[in-house]
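Okay, so here's the structure we're looking at.
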Amino acid sequence: MSVTVRFRVNGIETRVTTDPQRRLLDVLREELQLTGTKYGCGEGQCGACLVYVEGEPARSCLLPVSAAEGKSVTTIEGLARGEDLHPVQRAFLEEGALQCGYCTGGMILAAAALVRDTPDPTDEQIVAGMNGHLCRCNGYLKILKAVRRAAATMRAERHG
């Protein structure tokens, strides 16, 4: 049985008629063509499918689309402000913290939430905050540097 689910995706009111138990990940990718959210493990373990639901990180491979009813969902495509990249996106580019790009969307969203909630994270806090995000290319040291850079940029923007 199909139902119509209404929610905001990257600030745009959206309606999708589908099985209410269908994964949010599949709706984002297949119905809305937001392919920056990736299918990785399908078990919520790798972080490639990370999105924000009401501003909080969520594994979209574990959420039925019905869980998004009336809520705001942000994907990696919605993190930038128009052509202006989010500081974490800029830092990942500047530090070369992306290789194949498969994990990048989830990593960037996780890092953005981390520096939002912990403006001056220690290396240990960064490692803990990024735990559960797998990079098969093993770009972890560059990712650590990128998160440090983004946190510094965001602190300077707040005080500047």
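The values are calculated or read from the model by the stated rules, or taken from the named source; none is laboratory data. Fair warning: this is a prediction, and the values are worked out from it, not measured in the lab. As a convention, Cβ positions derive from the backbone with ideal geometry for all residues, glycine included, and neighbour counts pool all protein chains shown. With ligands, DNA and RNA removed, areas are computed over all heavy atoms of the protein, side chains included. Shrake-Rupley method; radii C 1.70, N 1.55, O 1.52, S 1.80 Å.
Of all residues in region 77-97, which are open to solvent by less than 30 Å² (accessible area, probe 1.4 Å), in contact with a Gly (Cβ under 7 Å, 6 or more places away or on another chain) and at pLDDT 95 or above?
Gly78
Criterion first (modelled with pLDDT of 95 or more, touching a strand residue (DSSP E or B) at 6+ places or on another chain (Cβ under 9 Å), surrounded by fewer than 17 Cβ atoms within 10 Å (Cβ to Cβ) and not in a loop (DSSP other than H, G, I, E, B)) does Glu30 satisfy it?
No: the conditions fail for Glu30.
For the condition within 30 Å of Ile12 (Cα to Cα) and part of a loop (DSSP other than H, G, I, E, B), what is the one hit in Gly105, Gly96, Gly132?
Going through Gly105, Gly96, Gly132 in turn, just one is within 30 Å of Ile12 (Cα to Cα) and part of a loop (DSSP other than H, G, I, E, B): Gly132.
Quick check: is even one residue across region 41-48 assigned to a loop (DSSP other than H, G, I, E, B), within 19 Å of His86 (Cα to Cα) and charged (D, E, K, R)?
no
Which residue, of Tyr39, Tyr52, is open to solvent by less than 50 Å² (accessible area, probe 1.4 Å), aromatic (Phe, Trp, Tyr) and within 15 Å of the chain's Cα centre (by Cα)?
Tyr52
Quick check on Ala58: is it surrounded by 14 or more Cβ atoms within 10 Å (Cβ to Cβ), without any contact (Cβ under 8 Å) to a residue 60 or more places away in the chain, part of a strand (DSSP E or B) and small (Gly, Ala, Ser)?
yes
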